[in-house]
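These notes are about the structure you will find just below.
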Ligand SMILES: [Zn+2]
Ligand SMILES: [Zn+2]
């Protein structure tokens, strides 16, 4: 970590767990998958992904729930705040994705697309023209690029 790198700080609702992510995120997305939905209780998640080495927990310990092989979902054991998705980001390498609602300045980063859009709740959509990917696979191309229809 160098002085010139940006840092993104955040933490849980009760303040027991705090984190700091350095540098530029490798992905900033909306995820509509069922696992994120259940982990948060929210219709969609906004996640900022950082290389694992660039994220450190500066206060307290998050608890990790193993939601599938090699994937941990971090949360505060005291207040229940959903904090992270942690696992292998394939071509992006080992990742910690931060649930953006836990950032001190959530407006500092803007999602660039929707992933797992196929799993979205039928009554839910977001405004805007960001590309919508059926899964995560960007090479497949967006299957919808506007929210209508
Ligand atoms: Zn907490
Ligand atoms: Zn997800």
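Some points to look at:
- Given R0 = 22 Å, the distance between the Cβ atoms of residue 38 and residue 64 translates into a calculated FRET efficiency of 0.90.
- DSSP bridge pairs, region 7-119: antiparallel proportion in percent, nearest 5: 90 percent
- With the helix formula -39500 (n - 2.57) applied to DSSP H stretches of n ≥ 4, the chain reaches a computed 222 nm mean residue ellipticity of -1000 deg cm²/dmol.
- Added length on full extension, which subtracts the Cα-Cα distance from 0.36 nm per residue, residue 127 to residue 26: 34.0 nm
- With R₀ set to 35 Å, the beta-carbon distance separating residue 14 from residue 52 gives a calculated FRET efficiency near 0.90.
- The chain - Debye-derived log10 I(q)/I(0), Cα point model, q = 0.09, 0.11 Å⁻¹: -0.27, -0.41
- Cα gyration tensor, region 1-65 - rounded (a/c under 1.5), prolate or oblate: oblate
- Taking each residue as 0.36 nm, the span from residue 77 to residue 92 lengthens on full extension beyond its C-alpha to C-alpha distance by 2.6 nm.
Bear in mind that the values in this text are calculations on the coordinates, not laboratory data. The shown structure was predicted, so the numbers you read here are calculated from the model rather than taken from an experiment. Ideal geometry is used to build each Cβ from the backbone, glycine not excepted, and the neighbour counts take in all protein chains shown.
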